[in-house]
Amino acid sequence: MNGAERDAAVLEIVERGRRAARWVAAGRGHERVYIGGAPLAGLGSPKSDIDLFVVTDSGRHADSEQVEFEGDRVDIEYVKLPSLRGAVDLCTTFRATAGNMRQIGYASRSRMDTLARFLLGETVVDDGVLADLREHLEEDRGEFLRLLVARHCVDVQNIGDDVTGALLNGDLPGADYQSRELLYRAADAYLCRCDDPYVNTKWLWAKWERTAGDTLGPGTRAVIRDPHLPDTLAAVRRNVWLAQDLTAMAATGYTYRPLTTAAPEHCRRTREYALIPTRDEYLVMRRVNEGVALSRQGVLLWGLAHGRSEEDAVRAVREVLAEQDGADVPLAEISAYYRMLAGHGLFRPVSGETGMRG
């Protein structure tokens, strides 16, 4: 099947979804029905299912179900209106701070997935309520995306802990698997920052191709496509380092080309650290209550330091700030910040890493 045939098949899935939504609404008296899922996000395949969402008033919870429509399976999920409205209200103002990150915890992956499907979906039957909620979500799309990036970053941190634990246990296959999961979540964060927020890892490559491509260099694209290496430990290290780069760019909005070589020539970022963006600060954290608060420019330096000498990293930061912020920052000022980050242990010389943990 060529591309045009695939696109036509996916469009037919969307049209069947519309017909199914009207059929379910008419047969059961529902007033609010929307369709969502990969086909509505510009993804999907001829085998994609129809995802149909019925929004109900307060009352008894209805379990999801499957029905047959025109020979196809239709998945029906029931969403309570107060829950949908509460999720929209929660996620349209990014207010998590370094001192209170509870909002990121409330913004669970499943809740953000529901909102992304609603945002990218299509309302078929409505009494006006869904239109108002969608307008609210669309108007504050930037705030929603910031929160979704933060959610992905927290997931990266959590999976990073699993990678570290697996290495400490000598479980290299486990660390390899987890490092790939970590990389994919970080890639989702970067794509979200590029306004491609659909939450489903299985479509990661398709999203990367249409949104990022070679923007971050062919090396990054190659790793996203195939994160394996003959040397498994080298693959784990590289995947974690690239995940740090992707979250740094997702959180700050800066863009640069990461170094994806397995053995950087100069310094290496400490892999146990992960970035959590908040409204007021960027936290580079090793574990709960152990981290460093950085400025947006400091995160850029943390990213660009990897694999570069101090001189090259400082010059690279100055160039990015000039090109993307229009700022003229003295090299001496950036060098002082570099030494501060090194003093906090956020990166270290190659000689400082030994053994499985390193």
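Structure data summary
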item: Matching residues, region 135-158, being under 14 Å from Met285 (Cβ atoms) and open to solvent by less than 40 Å² (accessible area, probe 1.4 Å); result: Ala150, Cys153, Val154, Asp155, Val156, Gln157
item: Residue match in region 93-102 (condition: closer than 30 Å to Tyr282 by Cα and buried (at least 19 other Cβ atoms within 10 Å of the Cβ)); result: yes
item: Selection status of Phe69, of a type in the set (A, V, I, L, M, F, W, C), open to solvent by less than 30 Å² (accessible area, probe 1.4 Å) and touching a residue at least 60 places away in the same chain (Cβ under 8 Å); result: no
item: Residue match in region 114-127 (condition: without any contact (Cβ under 8 Å) to a residue 40 or more places away in the chain, outside any helix (DSSP H, G or I) and closer than 29 Å to Gly17 by Cβ); result: no
item: Of the criteria (1) over 30 Å from Val292 (Cα atoms); (2) without any contact (Cβ under 8 Å) to a residue 40 or more places away in the chain; (3) out of contact with any strand residue (DSSP E or B) (no Cβ under 6 Å at 6 or more places or on another chain), which one Glu31 fails; result: (2)
item: Search result, residues across region 178-205 that are in a helix (DSSP H, G or I) and in contact with a Gly (Cβ under 9 Å, 6 or more places away or on another chain); result: Gln178, Ser179, Leu182, Arg193, Trp203
item: Of all residues in region 168-177 being surrounded by fewer than 24 Cβ atoms within 10 Å (Cβ to Cβ) and in a helix (DSSP H, G or I), the one that is farthest from the chain's Cα centre (by Cα); result: Leu168
item: Every residue from region 72-88 that is free of Cβ contacts under 8 Å to residues at least 40 places away in the same chain, farther than 19 Å from Ile13 by Cβ and open to solvent by 30 Å² or more (accessible area, probe 1.4 Å); result: Tyr78, Lys80, Pro82, Ser83, Gly86
item: Selected residue [open to solvent by 70 Å² or more (accessible area, probe 1.4 Å), in contact with a Leu (Cβ under 6 Å, 6 or more places away or on another chain) and not in a strand (DSSP E or B)] from Arg279, Arg257, Arg315; result: Arg257
item: Those residues of region 60-98 which are under 28 Å from Arg151 (Cβ atoms), in a strand (DSSP E or B) and touching a Leu at 6+ places or on another chain (Cβ under 9 Å), in sequence order; result: Asp75, Ile76, Glu77
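The values are calculated or read from the model by the stated rules, or taken from the named source; none is laboratory data. These figures come from a predicted structure and were not determined experimentally. Here the Cβ is made from the backbone with ideal geometry for all residues, glycine too, and neighbour counts use every protein chain on show. The accessibility values were calculated without ligands, DNA or RNA, using every heavy atom of the protein model including side chains. Shrake-Rupley method; radii C 1.70, N 1.55, O 1.52, S 1.80 Å.
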